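Below is one structure, written out as structure tokens; comments come after it.
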Amino acid sequence: MYREATKKVRIGEVMIGGGSPVAIQSMTNTKTEDVEATAAQIAALERAGCEIIRCAVPTMEAAQALAKIKEKIHIPLVADIHFDYRLAIAAIENGADKIRINPGNIGDASRVQAVVDKAKEHGVPIRVGVNSGSLEKSLVKRYGGVTAEGLVESAMDKVHMIEEMGNDNLVVSIKSSDVMMCVKAHELIARECRYPLHVGITEAGTLLAGNIKSSIGLGLILNQGIGDTIRVSLTGDPAEEIRSAKLILKTLGLRKGGIEVVSCPTCGRTKIDLIGLANQVEQMVEDIPLDIKVAVMGCVVNGPGEAKEADIGIAGGIGEGLLIRKGEVVKKVREDQLLETLRQELLNWNE
């Protein structure tokens, strides 16, 4: 059931599924009970481009804090619940736009039913699914270990449980830290699940390893037409998750807008501080609302030609560089003027 055909689900003011744009999610790492710190982090993530935010709700105080956090933010808030069904109910009553639960760890069927009923009463979607680290022992035994097939069976069991309880306002998630297992699981579940799929490589790792694993996994999944929301799970600043997710979607052609920066890898011909300059350019363009390609090139051999393929670019020489726009050399400036020259061109950009 590929993204064009999945069921449409509303999360706050954001619509997912049914061909809606793939939405970017992240999760706060503050103490949810600390309203000011959590709201401040969400505000920063909003500015970075986060469209749905999830907060851990491990205590009743955290559940009750959601109402105050909601007053300070502008994107849908998802409550992440484990173990205590009362926290899920309290989160819904305090304004959560979606809840994430694992029916297997919040108690018996009557407790799951209480959460399902409360969510239906408030029109709040439920995200259900499975993580490879929490796959039921019976399925591990049946499949001879943790497998893609076992993950899909576990997730669909939970889906059918909640459907039988009278609620089909669902989002489904199957995650694994094994990239290729995760890819296969999504290929399998897309054939039988009509609900929007939240996609991510769980416990992907630190900035470098996590980005590589997430880019490969999400790229393979999304490029098949699978996935309605994504999270790039990184050990670090959640804002990095948003930057990575945006770039993955843009690279796959699933999102437009924002400046794309291309830069050469440097070599012995480079005569300017290209690494520092490219990083400065990337940071500088984050808040400039243009849908163009900017090239930052470092040598006189390939630089000018490659910069001409971008909408605008700079190519370094010996302590100086060229400004190139639409394939034409505009002017030559000193190295220490390249960044500001480019910035002024972008701020005054006119097609």
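The values are calculated or read from the model by the stated rules, or taken from the named source; none is laboratory data. Not measured: the values here are computed from a predicted model. Virtual Cβ from ideal backbone geometry, glycine too; neighbours counted across all protein chains shown. Side chains included, ligands, DNA and RNA excluded: accessible areas come from the protein's heavy atoms. Shrake-Rupley method; radii C 1.70, N 1.55, O 1.52, S 1.80 Å.
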Problem set entry | Alpha carbon convex hull of region 1-147, volume per residue in cubic angstrom | 126 Å³
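For the full complex of protein chains and a 1.4 angstrom probe, list Cys267, Cys55 by accessible area with the highest value first. Before the final figure, lay out the partial values.
On the way: Cys267 60, Cys55 0 Å².
Largest to smallest exposure gives the sequence Cys267, Cys55.
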Problem set entry | Hz values of 3J(HN,Hα) by residue in region 49-54 - Karplus curve (6.51, -1.76, 1.60), Gly and Pro given as x | x, 5, 10, 9, 10, 10
Exercise. In the P(r) worked out for region 227-274, what percent of Cα pairs fall beyond 13 Å?
Worked result: 67 percent
Problem set entry | Cross-link reach list, aspartates and glutamates versus Lys70, counting only Cα pairs under 18 Å and skipping chain neighbours closer than eight places | Glu13, Glu33, Asp34, Glu36, Glu46, Glu51, Glu61, Asp80, Glu93, Asp97
Exercise. Residues with amide H under 5 Å of Ile312's amide H, sequence separation 5 or more or different chain, H placed in the peptide plane at 1.01 Å from N; which?
Worked result: Lys293, Ala295, Lys326
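If you count, for each residue, the other Cβ atoms within 10 Å and average over each peptide, how do 310-319, 113-122 line up from highest to lowest? Please list the in-between numbers first.
Numbers: 310-319: 20.7, 113-122: 18.5.
Result, highest mean Cβ count within 10 Å first: 310-319, 113-122.
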For this session: Once you've got the GNM for the chain with C-alpha springs shorter than 10 Å, pick whichever of Arg54, Arg194, Arg325 has the biggest mean-square fluctuation.
Result: Arg325
Problem set entry | Note, ³J(HN,Hα) from phi for region 11-24, Karplus 6.51, -1.76, 1.60, rounded to Hz, x at Gly and Pro | 10, x, 9, 9, 9, 10, x, x, x, 5, x, 5, 8, 9
For this session: Using a Gaussian network model of the chain whose springs link C-alpha atoms within less than 10 Å, name the residue from Gln283, Gln25, Gln224 with the highest mean-square fluctuation.
Result: Gln283
Seminar exercise, completed: Counting only residues 5 or more apart in sequence or on a different chain, those whose built amide H sits under 5 Å from that of Gly129 are Ser173
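When ligands, DNA and RNA are left out and all protein chains stay put, how many square angstrom of accessible area per residue does the chain have with a 1.4 Å probe?
Numbers: 15920 Å² over 351 residues.
Ligands and nucleic acids excluded, the figure is 45 Å² per residue.
Please state, to two decimals, what the Cα-based radius of gyration of region 182-249 comes to when divided by 2.2 N^0.38 Å (N = residues). It would help to have the intermediate numbers written out before the result.
Working: Rg = 11.7 Å, N = 68, 2.2 N^0.38 = 10.9 Å.
Dividing the Cα radius of gyration by 2.2 N^0.38 Å gives 1.07.
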Problem set entry | Relative pair counts by distance (%), Cα atoms of the chain, 20 Å bins | 28, 49, 20, 2
For this session: Counting residues in region 140-270 as N, plug N into 2.2 N^0.38 Å and put the Cα Rg over that result.
Result: 1.23
Exercise. Taking amide H positions as placed 1.01 Å from N in the peptide plane, with prolines and chain starts having none, which residues 5 or more places from Val199, or on another chain, fall under 5 Å of its amide H?
Worked result: Asp228, Thr229, Ile230, Arg231
Problem set entry | Most mobile of Leu247, Leu338, Leu218 in a GNM of the chain (Cα contacts under 10 Å) | Leu338
Seminar exercise, completed: Restricting to lysines and to Cα separations under 19 Å from Lys246, and discarding same-chain partners fewer than 8 apart, the set is Lys213, Lys256, Lys293
Exercise. Can you list the lysines whose alpha carbon sits under 24 Å from that of Lys68, skipping same-chain ones fewer than 8 residues off?
Worked result: Lys31, Lys98, Lys118, Lys120
For this session: Using only Cα atoms, find the angle between the long axis of helix 109-122 and the longest principal axis of the chain, and express it within 0 to 90 degrees, rounded to the nearest 10.
Result: 60 degrees
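Given a 1.4 Å probe and every protein chain left where it sits, what share in percent of the accessible area of the chain is carbon and sulfur? If you can, show how the numbers build up before the last one.
On the way: 7990 of 15920 Å².
Here carbon and sulfur together make up 50 percent of the probe-accessible area.
Order of 79-85, 18-24 by packing, highest average Cβ count within 10 Å first?
79-85, 18-24
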